[in-house]
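Below: the structure, in structure tokens.
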Amino acid sequence: MDVLVVGAGVVGLAVGRAMALRGHAVIVAEAEKAIGTGVSSRSSEVIHAGMYYPAGSLRALHCVEGARRLFYFCERNGIPYRRCGKLIVAGDAGEADAVAAIRTRGEANGVPGLELLDDAQARRLEPNLTCTLALLSPHTGIIDSHALMLALQGEIEDHGGGLAVLTRVERLERSEGRWHATFGGAEAGTMPFDAVVNAAGFGAPALAARTEGYPAGSVPRLHLARGNYFGCTGQAAFTRLIYPAPRVDGGLGIHLTLDLNGRVRFGPDVEWIDAPDYRVDPGRAASFYGAIRRYWPGLPDGALFPDYAGLRPKLTGPGEPAADFRIEGPAEHGLPGLVNLFGIESPGLTSSLSLAEDVSNRLEA
């Protein structure tokens, strides 16, 4: 098949690679001037293990399988990563019940190696930590996400596919058994394809609305959530990722992550916004200090500084339960050769290789 993938974030590139490896002719069209400039560019770069998500959900399925595939892909391709592990920590009895429930959910999802630790056991691993109970996930990791995306792009090109940047897909129309994509930008025009994958991230609902025959009532409403991150001066006080018990607002709390150089950063929080905006308000540091000191009382005054912000394309808004991934193929919307991906936020990076296989299977069915 001639396949168009719209969006060169980590999921779009993974889909392009999977289809190219299966022998299809692939073009990945990206509206911006480079790969991975949207959702994929400003994440925590964590390889999640999959214990947070309801059993049977697409998030659970693709996170667990995606992590397995991603660790193998990193080994095979020399992509920098580290299986550093993480602790999900409880600060009181109510949170301890929530953390224990995460272990039960994780085991149902097939997450390996989960272990509940009391406060003394947790402090033996991380002496600066304060908690009443912790869940150890030894198979959580961190990754150089940009090296991953470059490797995915390289495999697309090695198998005859191509990347077209500054190429916005204006409209998709169906005629004579094929999809005809109208492109804007410097190379404006129309090209026919046998199959199209809408992996446009923030732009996915808008592209679905510009797709001939796609039911208008099925186009999801997008909610933008900004996640702010703060850096921390001084030496790293932890060797593992530290996550508090999850919040009810769609986030995982102000957690501590590490990059591959050992640098500490905190976040993201959840800030609902109306339009894309990557500025970090320094005043939000006050709430970060309070949240972080619940598990790290030794955080010095003045140690935090604004670092960066990421945006997440959520399908649910404030106060609503987090939605599952939406993967809509011909079986869902009735249009042949089309797959739409909606609401692919965390754990989208971890899930990318597994999502790519799912999409490829739907197109070849």
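Can you classify the range 151-233 as rounded, prolate or oblate using the Cα gyration tensor, where a ≥ b ≥ c are the square roots of its eigenvalues, rounded means a/c under 1.5, and otherwise it's prolate if a/b beats b/c and oblate if not?
It comes out oblate by the Cα gyration axes.
Nearest-5 percent of antiparallel DSSP beta bridges in the chain?
Of those bridges, close to 70 percent are antiparallel.
Could you state the number of Å between the C-alpha centres of the range 41-65 and the range 113-138?
So the separation of the two Cα centres works out to 21 Å.
Comparing Pro306, Pro127, Pro246, which has the greatest mean-square fluctuation in the GNM of the chain with Cα pairs linked when under 10 Å apart?
With Cα springs under 10 Å in the chain, the top fluctuation among Pro306, Pro127, Pro246 is at Pro127.
Run the quick spin-label model on Lys33 and Tyr72: label points 7 Å from Cα toward the beta carbon, then report their separation in nm to one decimal.
For the pair Lys33/Tyr72, the computed spacing is 3.9 nm.
R0 = 41 Å: FRET efficiency of Asp281 with Thr239, Cβ-based, nearest 0.05?
0.85
In what order do Leu61, Leu353 fall by count of nearby beta-carbon atoms within 10 Å, going from fewest to most?
By the 10 Å Cβ count, ascending: Leu61, Leu353.
For the chain, place one equal point scatterer on every Cα, skip the solvent, and apply the Debye formula. What is log10 of I(q)/I(0) at q = 0.09, 0.12 Å⁻¹?
Normalising to I(0) and taking log10 leaves -0.50, -0.87.
Once phi is turned into ³J(HN,Hα) by the Karplus curve 6.51 cos²θ - 1.76 cosθ + 1.60 with θ = phi - 60°, what whole-Hz value does each residue of the range 253-266 show in order, with x for glycine and proline?
Here the 3J(HN,Hα) series is x, 6, 9, 9, 10, 10, 9, 5, 8, x, 6, 8, 9, 10 Hz.
Determine, for Glu30, Glu176, Glu157, the number of other Cβ atoms within 10 Å of each Cβ, and report the residues in order from fewest to most.
In order of increasing Cβ crowding within 10 Å: Glu176, Glu157, Glu30.
Using 7 Å Cα-to-Cβ label points, what is the Glu320/Ala55 separation (nm, one decimal)?
Label-label distance for Glu320 and Ala55, simple model: 2.7 nm.
If you line up the long axis of helix 58-77 against the longest principal axis of the chain, both from Cα atoms, how many degrees apart are they, to the nearest 10?
Tilt relative to the chain: about 90 degrees.
Report the extension gain between Ala206 and Arg123 in nm, rounded to one decimal, defined as 0.36 nm multiplied by the number of residues separating them, less their alpha carbon distance.
Length gained between Ala206 and Arg123: 25.0 nm.
Taking 7 Å along the Cα-to-C-beta vector as the label spot, tell me the Glu170-Asp158 distance in nanometres, rounded to one decimal.
It is 3.7 nm.
So, in Å, what gap is there between the alpha-carbon centers of the range 321-365 and the range 253-289?
What the calculation gives is 28 Å, centre to centre.
What translational D, rounded to a whole number of µm²/s, comes out for the range 43-89 from Stokes-Einstein when the hydrodynamic radius is the Kirkwood one over Cα pairs, at 4 °C and 1.567 mPa s?
So the translational diffusion coefficient is about 110 µm²/s.
Read-outs: derived from the displayed coordinates by stated rules, not from any lab. Note that the structure is predicted; figures quoted are calculated from it, not measured. No Cβ is skipped: glycine too gets one built from the backbone with ideal geometry, and neighbour counts run over all protein chains shown.
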